[in-house]
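A quick write-up on the structure given underneath.
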Amino acid sequence: MEATIRLKRELAYTGTILKVYRDRVIANGIEETYDYIHHDGAAAVLPVTKEGKILMVRQYRNALDRFTLEIPAGKLDDPKEPKKECAYRELEEETGYRSENLEYLMTINTTVAFCDECIGVYIARDLIPSKQHLDEDECIEVEEWDVKDLLKLIYSGKMTDGKTVAAILAYAQREGIRL
């Protein structure tokens, strides 16, 4: 495999949650321009009730111009914030439940072709009722779902959020849950 060398990286745009760079790269002996998006990172939580149901959040996603069904997640407050701490916070903020028992499930790089976003995914058990702490612009509905019904949404193509799909499939595999 031939070496790839980055010649130059220039900041092209700074947004509220990401930075877009323009990279000059030599790949396979050819000089190219690549777009690169930097994201400080995020955490997501798969909350499991005593009954084995999954708490999901339904919220509007501007990029898709529709409501999506997802596991709770959010960006790190600071790039150095531990992902597990972010997961604890996002669980309570979005669902109104907290947990003192977060278990690491997996790490996901969401779009490796052009973005370095990295999401730590955790399982939350022993859920304790608390209170939602939504941002002013957030409108989130919390729903309980059976894992098998979530698998049906995935396999029918109705659930497409990458972090959610990966987390549910990994959890179902780990727990031996099948359709």
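Of all residues in segment 52-80 being touching a Lys or Arg at 6+ places or on another chain (Cβ under 9 Å) and touching a residue at least 24 places away in the same chain (Cβ under 8 Å), which is farthest from Tyr122 (Cα to Cα)? Before you say what the answer is, go through the steps one by one.
Initially, segment 52-80 is screened for residues touching a Lys or Arg at 6+ places or on another chain (Cβ under 9 Å), giving 60, 67-71, 73-74, 76-77.
Within this subset, residues satisfying the condition of being touching a residue at least 24 places away in the same chain (Cβ under 8 Å) are 60, 68-71, 73-74, 76.
Details: Tyr60: 23, Thr68: 20, Leu69: 17, Glu70: 14, Ile71: 10, Ala73: 10, Gly74: 12, Leu76: 14 Å.
Step by step, filter segment 52-80, then rank; the result is Tyr60.
Out of segment 87-98, which residues are aromatic (Phe, Trp, Tyr) and buried (at least 20 other Cβ atoms within 10 Å of the Cβ)?
Kept after step one, since they are aromatic (Phe, Trp, Tyr), are these residues of segment 87-98: 88, 97.
Selection gives Tyr97 alone.
Counting only residues that are buried (at least 19 other Cβ atoms within 10 Å of the Cβ) and in contact with a Ser or Thr (Cβ under 9 Å, 6 or more places away or on another chain), which one in segment 99-119 is nearest to Leu169 (Cα to Cα)?
In this case the residue turns out to be Ile119.
Out of (1) open to solvent by less than 40 Å² (accessible area, probe 1.4 Å); (2) farther than 14 Å from Pro47 by Cα, what's the single condition that is false for Tyr122?
(2)
With open to solvent by 60 Å² or more (accessible area, probe 1.4 Å), within 19 Å of Met159 (Cα to Cα) and in contact with a Ser or Thr (Cβ under 8 Å, 6 or more places away or on another chain) as the only criterion, which of Arg66, Arg58 stands out?
Values: Arg66 fails: in contact with a Ser or Thr (Cβ under 8 Å, 6 or more places away or on another chain).
Result of the check over Arg66, Arg58: Arg58.
What number of residues within segment 22-32 satisfy the criterion of being surrounded by fewer than 16 Cβ atoms within 10 Å (Cβ to Cβ) and of a type in the set (Val, Ile, Thr)?
2
Only one residue in Lys19, Lys84, Lys131 is free of Cβ contacts under 8 Å to residues at least 60 places away in the same chain, closer than 30 Å to Glu2 by Cα and open to solvent by 60 Å² or more (accessible area, probe 1.4 Å), so which one is that? Talk me through it step by step, then tell me what you get.
Values: Lys84 fails: closer than 30 Å to Glu2 by Cα; Lys131 fails: closer than 30 Å to Glu2 by Cα.
Residue meeting the stated conditions: Lys19.
Condition check ((1) part of a loop (DSSP other than H, G, I, E, B); (2) in contact with a helix residue (DSSP H, G or I) (Cβ under 8 Å, 6 or more places away or on another chain)) across all residues:
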{"position": "Ala12", "(1), (2)": "no, no"}
{"position": "Leu46", "(1), (2)": "no, yes"}
{"position": "Glu81", "(1), (2)": "yes, no"}
{"position": "Ala87", "(1), (2)": "no, no"}
{"position": "Glu93", "(1), (2)": "no, no"}
{"position": "Ile108", "(1), (2)": "no, yes"}
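Name the single residue, out of those in segment 70-81 being open to solvent by 70 Å² or more (accessible area, probe 1.4 Å) and among the acidic types (Asp, Glu), that is nearest to the chain's Cα centre (by Cα). So that I can check it myself, show each step before the final result.
Let us first name the residues in segment 70-81 that are open to solvent by 70 Å² or more (accessible area, probe 1.4 Å), namely 75, 77-80.
Of the ones still in play, those that are also among the acidic types (Asp, Glu) are 77-78.
Working: Asp77: 15, Asp78: 16 Å.
My answer is Asp77.
Six or more apart or on different chains, Cβ under 9 Å: which pairs go from a residue in segment 33-51 that's more than 20 Å from Thr110 (Cβ to Cβ) and surrounded by 15 or more Cβ atoms within 10 Å (Cβ to Cβ) to one that's among the hydroxyl-bearing types (Ser, Thr, Tyr) and modelled with pLDDT under 95? Could you list them?
none
Of the residues that sit in segment 153-168 and are crowded, with 16+ Cβ neighbours inside 10 Å and part of a helix (DSSP H, G or I), which one is nearest to the chain's Cα centre (by Cα)?
Just the residues of segment 153-168 that are crowded, with 16+ Cβ neighbours inside 10 Å, to begin with: 153-154, 159, 161, 163-168.
Okay, now just the ones that are also part of a helix (DSSP H, G or I), so 153-154, 163-168.
On the way: Leu153: 18, Ile154: 16, Lys163: 4, Thr164: 7, Val165: 10, Ala166: 9, Ala167: 9, Ile168: 12 Å.
Here the answer is Lys163.
With Glu136, Glu103 as the choices, which residue is out of contact with any Gly (no Cβ under 7 Å at 6 or more places or on another chain), more than 23 Å from Asn62 (Cβ to Cβ) and free of Cβ contacts under 8 Å to residues at least 24 places away in the same chain?
Only one candidate passes the filter, namely Glu103.
The values are calculated or read from the model by the stated rules, or taken from the named source; none is laboratory data. Computed from a predicted model, the values in this text were never measured in an experiment. Cβ coordinates were reconstructed from backbone atoms using ideal geometry, including for glycine residues, and neighbour counts include every protein chain displayed. Just the protein is used for accessible areas: all its heavy atoms, side chains included, with ligands, DNA and RNA removed. Shrake-Rupley method; radii C 1.70, N 1.55, O 1.52, S 1.80 Å.
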